[in-house]
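The values are calculated or read from the model by the stated rules, or taken from the named source; none is laboratory data. Remember, it's a predicted structure, so these values are computed and weren't measured experimentally. Neighbour counts are summed over all protein chains in view; Cβ atoms, including those assigned to glycine, are modelled from backbone coordinates with ideal geometry. For accessibility, only protein heavy atoms count, side chains too; no ligands or nucleic acids. Shrake-Rupley method; radii C 1.70, N 1.55, O 1.52, S 1.80 Å.
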Amino acid sequence: MERICVIIDGNAYVSQKLTRYLSWLSVESKYFKNSGDTKATLSEIVKWFDENEGVVAILDTEEPTYDHKSILVDNGIDSFYIGDGSTVFKDHTSFIKFNENNITINQINSHLQSRISYFTLNLKPKPRTIYLSRHGESMFNVTGQLGGDSDLSPRGFAYAKKLPELIKADTDAELTVWISTLKRTSQTASYLTFQKLEWKALDELDAGQCDGLTYQQVEEQFPEDFRARDENKFEYRYRGGESYRDIIIRLEPIIMELERQENILIITHQAVLRCLYAYFMNVPQEESPWMSIPLHTLIKLEPGAFETKVTKIKANIPAVSTYKEKGTSQLGESATSTSSKSRDLINNV
Ligand code: F6P
């Protein structure tokens, strides 16, 4: 198993973003801050690798590490340096070095190292706002059907009409609007005058053979799948369709591009929005598919180095709830409800 210690030259923003990105991608990773005793910190890192089958340790440090580099080498850990080379840089052959006018990249040894480099190079530590919204209520939402490519309901169109006003009340900034290739997102964006860009990667979770069914029909026709999905919603892949893990993989280019962008509005779907939200808010994998993200609500994210500020702007236009709580049955008589609750992170802010 590959082991990399990414040594970042005292840059909390890059260190935190990289740690979040890697854990979102399910790479076993951890952030370490060097308190001053470099030898002790590196020993702590080695211990973490051994005890957790760690893959990437991110060390945020302003201290030189070269005197103690053998601690890493002797334990089969590659070091990868990122910074301007002024303090900790020496004796690290894999590095990204930023100068005022240029960037030098040396010896990228693996696919993972190249992803780390690519991500780091894309980061723009500028204050900005990211707005996220589900499409307005769709006809399939009203009938409780999954997937499909239905039109908005009349209430969904009312949300689309109100969206420009909601945004105007919050910001004068010029936004770029990203939508999926499905009608319900372009209809939701149709009253906005900003530039729009369509992404296939923002399409809703593909429910495969269950596309067009209601939860109740899924439970009747595929009872084992229905249970298996509740057991492990992140990993469960619909027959002929996708899992949440699959969505994360197809969202990686979106995240890369998002990090380069300034102010942006993304109009997408329940499952995709959960995955994007989880990236910014560091929500653990097993919890993210259970988050409640209501329709007709604009979510405003203001990312910072250590945390992202969230504001929820409600349109006050009624809509159905498309939320199915974990462990609940949809079959009338035999309906059961376990104690497991959704993690309503968004409603808690
Ligand atoms: O119900 C709306 C919807 O967007 C469906 O198209 C999709 O299958 C579902 O939400 C995803 O949510 P969950 O993973 O909770 O079933």
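For region 49-81, the set of residues classified as open to solvent by 60 Å² or more (accessible area, probe 1.4 Å) and in a strand (DSSP E or B) consists of Asp78 only.
Confirm whether Asp149 is within 16 Å of the ligand (Cβ to nearest atom), over 25 Å from Tyr13 (Cβ atoms) and surrounded by fewer than 20 Cβ atoms within 10 Å (Cβ to Cβ). So Asp149 passes the test. Phe280 meets all of the listed conditions (1) farther than 14 Å from Tyr131 by Cα; (2) part of a helix (DSSP H, G or I) but one, namely (1).
Need the failing condition index for Gly156 against (1) part of a loop (DSSP other than H, G, I, E, B); (2) touching a strand residue (DSSP E or B) at 6+ places or on another chain (Cβ under 7 Å); (3) under 17 Å from His296 (Cα atoms), just the number. Result: Gly156 passes all but (1). Looking at region 261-281, is at least one residue away from the ligand (no atom under 11 Å from the Cβ), more than 21 Å from Trp199 (Cα to Cα), in the same structural domain as Ser329 (by TED's automatic domain parsing) and without any contact (Cβ under 8 Å) to a residue 40 or more places away in the chain? Within region 261-281, not a single residue is away from the ligand (no atom under 11 Å from the Cβ), more than 21 Å from Trp199 (Cα to Cα), in the same structural domain as Ser329 (by TED's automatic domain parsing) and without any contact (Cβ under 8 Å) to a residue 40 or more places away in the chain.
Might you let me know whether region 125-146 holds any residue that is more than 30 Å from Pro294 (Cβ to Cβ), open to solvent by 20 Å² or more (accessible area, probe 1.4 Å) and in contact with a Lys or Arg (Cβ under 6 Å, 6 or more places away or on another chain)? Checked region 125-146: no residue is more than 30 Å from Pro294 (Cβ to Cβ), open to solvent by 20 Å² or more (accessible area, probe 1.4 Å) and in contact with a Lys or Arg (Cβ under 6 Å, 6 or more places away or on another chain). For region 115-132, the criterion of a residue being in a loop (DSSP other than H, G, I, E, B), touching a His at 6+ places or on another chain (Cβ under 9 Å), under 30 Å from Phe157 (Cβ atoms) and not β-branched (Val, Ile, Thr) is satisfied by no position.
With the structure loaded, tell me whether Lys126 is within 16 Å of the ligand (Cβ to nearest atom) and basic (Lys, Arg) or whether it fails that test. It would help to see each step written out before you state the result.
On the way: within 16 Å of the ligand (Cβ to nearest atom): no; basic (Lys, Arg): yes.
In short, no.
Exactly one residue out of Lys168, Lys196, Lys162 is surrounded by fewer than 18 Cβ atoms within 10 Å (Cβ to Cβ), part of a strand (DSSP E or B) and either modelled with pLDDT of 95 or more or away from the ligand (no atom under 12 Å from the Cβ) (or both): that is Lys196. If I ask for residues that are surrounded by fewer than 17 Cβ atoms within 10 Å (Cβ to Cβ) and either out of contact with any strand residue (DSSP E or B) (no Cβ under 6 Å at 6 or more places or on another chain) or outside any strand (DSSP E or B) (or both), which ones from region 313-323 would you list? Once the filter is applied, which keeps residues that are surrounded by fewer than 17 Cβ atoms within 10 Å (Cβ to Cβ) and either out of contact with any strand residue (DSSP E or B) (no Cβ under 6 Å at 6 or more places or on another chain) or outside any strand (DSSP E or B) (or both), region 313-323 yields Asn316, Pro318, Val320, Ser321, Tyr323. The residues in region 209-229 that are more than 10 Å from the ligand (Cβ to nearest atom) and of a type outside the set (A, V, I, L, M, F, W, C) can be counted, and the count is 10.
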